[in-house]
1. Mind checking the dipole of the range 262-329: about its Cα centre, +1 per Lys or Arg Cβ, -1 per Asp or Glu Cβ, Debye to the nearest 20?
2. For the chain, with all protein chains present and a 1.4 Å probe, just round the carbon and sulfur fraction of the accessible area to a whole percent.
3. Let me know the shape class of the range 1-47, please: from the alpha-carbon gyration tensor, a ≥ b ≥ c as square roots of the eigenvalues, rounded when a/c is under 1.5, otherwise prolate if a/b is greater than b/c, or oblate.
4. Could you check what % of the DSSP bridge pairs in the chain are antiparallel, to the nearest 5?
5. What net charge is computed for the residues neighbouring Gln28, neighbours being all others with C-beta under 15 Å from the C-beta of Gln28, Lys and Arg scored +1, Asp and Glu -1?
6. Below 8 Å, C-alpha to C-alpha, sequence gap of six or more: please give me the relative contact order for the range 93-163 in percent.
7. About the Cα centre, and with charges only on the beta carbon of Lys, Arg (+1) and Asp, Glu (-1), how big is the dipole of the range 1-149? Nearest 20 debye, please.
8. Local charge sum around Pro189 (other residues, Cβ-Cβ under 12 Å, Lys/Arg +1, Asp/Glu -1)?
Amino acid sequence: MLSGIQPTSGSFHLGNYLGAVRQWVDLQKENDAFYMVVDLHAITVEQDPATLRQNTRISAAQLLGAGLEPEHCTLFVQSHVPEHAQLGWVMNCLTGFGEASRMTQFKDKSAKQGTAGTSVGLFTYPILQVADILLYQADAVPVGEDQRQHVELTRDLAERFNTRYSPTFTVPKPYILKETAKIQDLQDPAIKMSKSASSTKGLVSLLDEPKASAKKFRSAVTDTGTVVSYDEEGKAGVSNLLRIHSALSGQSIEQLVAHFEGKMYGALKTELADLFSEWVTPFQERTRSFLDDPAELDRVLALGAEKARAVAAETLAQVYDRIGFLPAA
Ligand code: ATP
Ligand code: MG
């Protein structure tokens, strides 16, 4: 297993947790799992240096707060393992320009940034992601729906390399749970909840004051109807709230629809706000305790980087050999 999260803002949001991080926690014991804070990806858009450093620590603390255990997985910071950038270059040279141009995340993000604000790094970051995954010979990549296309690209490039040279890379599969793969913005159910959203009104940030998040749930955009039912097209807002409720409470959508029969949207929102507070309060306490001990946090990350590097270096050495680089004497 391999996956990553960007330290692009101090706090993760509920979509990050339900779409990805929760699965990381569930999968860590049964698998050889590598999880990383992807700071190389974060600099595809401008970052303030001090803030980036701080957000990288906060991200790692949240991953531990969410339940990652360094005894059961390898947790590290991407820039601590130089092989990512090195294999990234090789993969760049294997990717077609047209192929990279088809990545919808790039199209969405560059549209937001405007031409002048769009870096070449933003264009090629899916290819760096390919390298991230292939370095660890991952079988599966637990991510949200928005990353499916990048895992597909990874499969294509792994197969291309294996065919052009010789079998080298494991061809990975996306691990995407349908129910939580796409948590929508509470104010605009047409778009995914996102760290880099232009407005934070519909964004449930995990480190916000729980009361502020409760308010966001209570003022979530729904529709003009009154019946709580599941309809992704016609009732996108309500359906999103039902999916979040189901993920946090463990009840099925059918059970929830029956439970809210005869009740208005307000009841769903209030219950959801309470459920979220119950989960997020201990999460915040755990995260804070990891942040209060930066020396221990750095020790965990250093150990993770060492474990990750051992695997990454072996893959890169094989790759360099197969493409015909002269070994350094
Ligand atoms: P950015 O907008 O800066 O790209 P992000 O919110 O998409 O930030 P990432 O760090 O890019 O966060 O993604 C981390 C993980 O969270 C990825 O696996 C991604 O698929 C998942 N994810 C992000 N947003 C959602 C969402 N709204 N619903 C489900 N999963 C999500
Ligand atoms: Mg993203």
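1. Around 280 debye, computed over the range 262-329.
2. 53
3. Numbers: a/c = 3.68, a/b = 1.68, b/c = 2.19.
Oblate shape, in that a/c is at least 1.5 and b/c is the bigger or equal ratio.
4. Working: 2 of 13 bridges.
About 15 percent, rounded to the nearest 5.
5. Value of the local net charge: -3.
6. It comes to 39 percent, rounded to a whole number.
7. 420
8. -2
The values are calculated or read from the model by the stated rules, or taken from the named source; none is laboratory data. Every value quoted in this text rests on a predicted model; they were computed, and no experiment measured them. Positions of Cβ are backbone-derived with ideal geometry, glycine not excepted, and every protein chain shown enters the neighbour counts. Quick note on the areas: whole protein, heavy atoms, side chains included, nothing else; ligands and nucleic acids left out. Shrake-Rupley method; radii C 1.70, N 1.55, O 1.52, S 1.80 Å.
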